[in-house]
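Just below is one structure, and these are the notes that go with it.
The values are calculated or read from the model by the stated rules, or taken from the named source; none is laboratory data. Just so you know, these numbers come straight off a predicted model, no measurement behind them. Neighbour counts run over all protein chains shown; Cβ positions are idealised from the backbone, glycine included.
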Amino acid sequence: MFSLALLLLCAAIPLSYAQAPEAAKPSDVRLVIDISGSMKKNDPQNLRRPALDMLVQLLPKGSKAGIWTFGQYVNMLVPHKPVDAQWGRTASAASSEIKSIAQFTNIGAALEKAAYDHKQQMKADQDYQTHVILLTDGMVDIDRDNRLNKKERQRILNNVLPMYQQSGITLHTIALSDNADKKLLNKLALATDGKVSVAKNAEELMNVFLRVFNQAVPLEELAFDGNKFAVDSSIEEFTALIFRQESAKPTVVVSPDGQQYTKDTTDTRVKWHHTDQYDLITINEPLEGEWGVSADLEPQSRVTVVSDLSIAVRSMPTNMSIDEIINTSLVLREENKTITRPEFLGLLDISVEVSSLTGNNWSQQLSSKIVPTDGVYSTILNQFTQAGEYTIHFTVEGKTFNRQFSHQLSVRTPFLVETDKTVNNGRTEFAVDVIAQSQEVDVSQTNVFGVVTAPSGKTNAVDFNLQQDGTWRLLIPANEDGEYAINIRVDSVNNRNEKEKIKLDTVRLSQQDNDIFQEQPVEPAKVIPEPVEPKQPAVKEPDQPEEKAVEKNPVDEDVTPKQPKKDADYSQYILYGMIGLINLLIIGVGYFIYRKLFKSAPKEEKEGEDDEDAEDAFVEPPMDEMAVDDLVEDELEEAQVLSEEEDANMDDAMDSALDDADEDIPDFSLDEFAPDSLDEEELDLDESEEEKK
């Protein structure tokens with residue numbers, strides 16, 4: 001009887017089995033933006049500018065922020081200061097100047113600069129909760145020597161990451177390309193319980209930035225009912241972020257009294273920031289009642305409020321493992337004091353909903369007829385049985401009051417397996433990496449084992465080796481063709497020295513069947529009779545674009561492409577031209593030798609006569625010798641005339657041959673090849689003449 005009475009008494013007293021939410025601190029947001037040259041390719045339209053400007057506009061008063069850009073060096077683009085109107089104007093102007101001009105990607109230096117006050121962050125009485133948002137599209141790249149890059153990457157893990165952990169700084173990472181070092185970015189974010197994001201292209205940057213911003217700067221919102229939302233008397237200011245659909249009409253905000261506000265409104269209570277994608281409208285001292293938005297709203301549109309009456313939710317992790325649970329709680333506060341009045345709390349409908357991207361939803365009612373005496377609404381969330389992205393959504397509704405609060409959660413397997421394949425000197429080798437995704441794992445005490453089954457059926461027990469970056473790696477030489485199967489077991493130890501054996505899914509690797517390692521299949525190439533250089537593939541001419549879009553049947557298509565044939569004919573012309581050029585060179589050399597020989601003989605005879613006359617200047621020769629000399633001189637003059645006529649005929653023949661050769665050998669000139677060789681021949685002949693003399 002006594003036990004039953006005690007049980008009834010306990011049931012009548014509402015208990016809060018979770019701690020009350022801690023006092024929320026304003027956010028200190030530090031944006032670190034990659035401006036390396038590769039960003040020109042991954043963000044050709046520089047969509048970082050509007051995305052960054054959106055975050056600048058969304059930062060609430062009372063927060064703190066700064067912007068750094070980096071490539072080879074790190075530059076503080078916007079000073080790290082409390083957010084006010086002047087800071088906002090400076091940051092908005094600076095964000096429009098971002099350009100991709102740097103050579104390298106010095107991630108380590110950028111993270112160090114952003115955490116310049118990390119020693120002060122270690123103090124427990126910090127006024128802000130610090131978040132660093134890193135956007136990059138590359139890998140650690142500080143030098144052309146890859147050995148230095150690997151050393152720097154390890155330094156980030158060994159020195160920079162522990163500095164962030166000890167300082168309590170949360171690091172959120174955004175990868176903007178498949179070339180980014182996702183393994184490094186994931187480790188940096190998970191180690192600090194930050195959000196890991198990947199923007200597949202620059203067009204996704206806006207939404208990715210907004211999701212990360214919501215984690216870094218959590219704000220309570222008003223619920224949309226269609227295109228309407230209710231404003232109560234406690235709201236001092238609301239900010240509506242309205243994403244419009246393409247080709248939508250301009251946004252119009254309608255107050256409870258029917259007054260319309262547009263981007264051209266000059267009311268001093270209204271601040272309107274308009275872009276091609278969204279409108280950001282802040283209205284001070286709004287009228288109480290139902291407001292409306294005339295626009296084609298996108299799902300990510302929202303209305304946040306500044307109010308003395310607010311909801312506070314206990315902080316929850318950004319990342320967690322499968323089957324872990326969350327103890328959470330909610331309170332309502334007025335002027336930073338928890339509301340416990342049952343006459344007010346009894347009128348509220350408080351609930352929490354958990355939804356996953358796969359479409360699963362769970363809802364739970366937190367309020368009941370019994371009001372908690374301390375005003376704390378507590379619950380346990382245990383719906384996280386599968387890996388994926390979840391949204392935890394709290395809703396508080398009353399007759400004239402409504403608030404909502406959302407939190408993004410990534411649920412992961414305790415360990416992730418990644419595979420890779422390398423080919424060195426014709427030998428294939430598989431690499432299998434096991435990565436801890438929970439920060440509670442004690443890496444130094446955890447061991448990973450495996451059993452490898454080769455295509456032949458032979459099995460081999462192996463140990464994974466712990467790497468410097470905290471991952472476990474196994475290298476498998478692919479000595480046989482076929483499929484390899486690896487069964488992996490992890491003997492895990494957490495930070496509380498709790499042990500657990502975890503069996504991971506079987507990993508299968510094949511050079512033929514695994515799409516990860518096999519190149520994507522391509523369509524069969526068309527049959528071409530002659531090989532064509534890679535620079536001139538057998539494609540349709542550029543002036544026939546309409547034929548490119550139609551895939552023809554190889555059977556019905558003419559297999560003799562025109563363009564390759566032209567290239568083959570042109571190569572034949574070059575060959576014939578070269579042969580003709582060689583022949584001309586031989587003729588030219590022969591002609592030159594001919595001219596030298598025939599012209600040098602008379603010249604030598606004449607020079608010999610001059611020498612004899614000089615030597616016998618004082619001896620008068622006999623009459624008959626004089627007559628002979630005259631005869632010889634006449635014969636020499638006649639021979640010289642004949643030689644000149646032959647030279648003229650030979651010149652005409654050579655000119656004719658060269659004209660004919662020029663017709664067959666376009667783009668070639670004899671001068672390009674003959675001068676050096678002819679000069680050498682001329683020098684040889686001159687030397688022979690000197691020897692004869």
Of those in the stretch 44-77 that are out of contact with any strand residue (DSSP E or B) (no Cβ under 9 Å at 6 or more places or on another chain) and not in a helix (DSSP H, G or I), the residue surrounded by the most Cβ atoms within 10 Å (Cβ to Cβ) is 47
Working only within the stretch 271-291, note down all residues that are of a type outside the set (D, E, K, R), assigned to a strand (DSSP E or B) and touching a residue at least 40 places away in the same chain (Cβ under 8 Å).
-> 273, 278, 280, 281, 282, 283, 284, 289, 291
Would it be correct to say that residue 268 is part of a strand (DSSP E or B) and either modelled with pLDDT under 95 or in contact with a Lys or Arg (Cβ under 8 Å, 6 or more places away or on another chain) (or both)?
-> no
Test for residue 139: is it surrounded by fewer than 21 Cβ atoms within 10 Å (Cβ to Cβ), within 19 Å of residue 180 (Cα to Cα) and touching an Asp or Glu at 6+ places or on another chain (Cβ under 7 Å) | yes
Taking the stretch 384-430 and keeping only residues that are surrounded by fewer than 16 Cβ atoms within 10 Å (Cβ to Cβ) and without any contact (Cβ under 8 Å) to a residue 24 or more places away in the chain, one is left with 420, 422, 423, 424, 425, 426
For residue 493, which of the numbered conditions (1) under 34 Å from the mean Cα position of the chain (by Cα); (2) surrounded by 13 or more Cβ atoms within 10 Å (Cβ to Cβ); (3) assigned to a strand (DSSP E or B) fails to hold?
-> (1)
Would it be correct to say that residue 371 is in contact with a Leu (Cβ under 8 Å, 6 or more places away or on another chain) and surrounded by 13 or more Cβ atoms within 10 Å (Cβ to Cβ)?
-> yes
Taking residue 185 as the residue in question, decide whether it is assigned to a helix (DSSP H, G or I), under 15 Å from the mean Cα position of the chain (by Cα) and in contact (Cβ under 8 Å) with a residue 40 or more places away in the chain.
-> yes
Out of 85, 65, 51, which single residue is more than 30 Å from residue 327 (Cα to Cα), modelled with pLDDT of 95 or more and not assigned by TED's automatic domain parsing to the domain that holds residue 336?
-> 65
Just wondering, is there one or more residues in the stretch 217-233 that are surrounded by 20 or more Cβ atoms within 10 Å (Cβ to Cβ) and in contact with a Pro (Cβ under 9 Å, 6 or more places away or on another chain)?
-> yes
